[in-house]
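The values are calculated or read from the model by the stated rules, or taken from the named source; none is laboratory data. Small disclaimer: the values here were computed from a predicted structure and weren't measured. Glycine gets a Cβ as well: all are built from the backbone with ideal geometry, and neighbour counts include every protein chain shown. Surface accessibility is based on the protein's heavy atoms, side chains included, excluding ligands, DNA and RNA. Shrake-Rupley method; radii C 1.70, N 1.55, O 1.52, S 1.80 Å.
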Amino acid sequence: MTTTAQTYRDLPLAERIELVEDIWDSIAQDTPALDLTDAHRDELRRRLDAHRADPSSSLVWESARAELLQRSV
């Protein structure tokens, strides 16, 4: 790969977000499930418990993404 970090930085924010999503999706597809540490597992449980206690405090991914992309315009 010959593209430099500066080339990425020159992209509009919305395009950089899409690029990161594409990279993350490719990593998820190519990587077997990773073992969680106890600390990570505890943090996930804490966040899930917080969400269950107040579901209105979170956004669905589509809404969060749309908000981020709108901010970049």
Being closer than 25 Å to ILE17 by Cα and outside any helix (DSSP H, G or I) is the filter here, so list the residues in the stretch 46-63 that pass it. SER58, LEU59, VAL60
So how many residues does the stretch 26-40 have that are touching a helix residue (DSSP H, G or I) at 6+ places or on another chain (Cβ under 9 Å) and open to solvent by 100 Å² or more (accessible area, probe 1.4 Å)? 0
Any residue that is open to solvent by less than 100 Å² (accessible area, probe 1.4 Å) and more than 18 Å from the chain's Cα centre (by Cα) - is there at least one of those in the stretch 8-17? yes
Single unsatisfied condition, ILE23 versus (1) part of a loop (DSSP other than H, G, I, E, B); (2) loosely packed, with under 11 Cβ neighbours inside 10 Å: (1)
Give the stretch 41-63 a look and list any residue that's surrounded by 11 or more Cβ atoms within 10 Å (Cβ to Cβ), closer than 25 Å to LEU13 by Cβ and modelled with pLDDT of 90 or more, or say none. none
Only one of HIS40, HIS51 that is free of Cβ contacts under 8 Å to residues at least 12 places away in the same chain and touching a Ser or Thr at 6+ places or on another chain (Cβ under 6 Å): HIS51
Using beta carbons and a limit of 8 Å, which pairs, at least six apart or on different chains, have the first residue in the stretch 9-36 and among the β-branched types (Val, Ile, Thr) and the second one in a loop (DSSP other than H, G, I, E, B)? ILE17/SER72
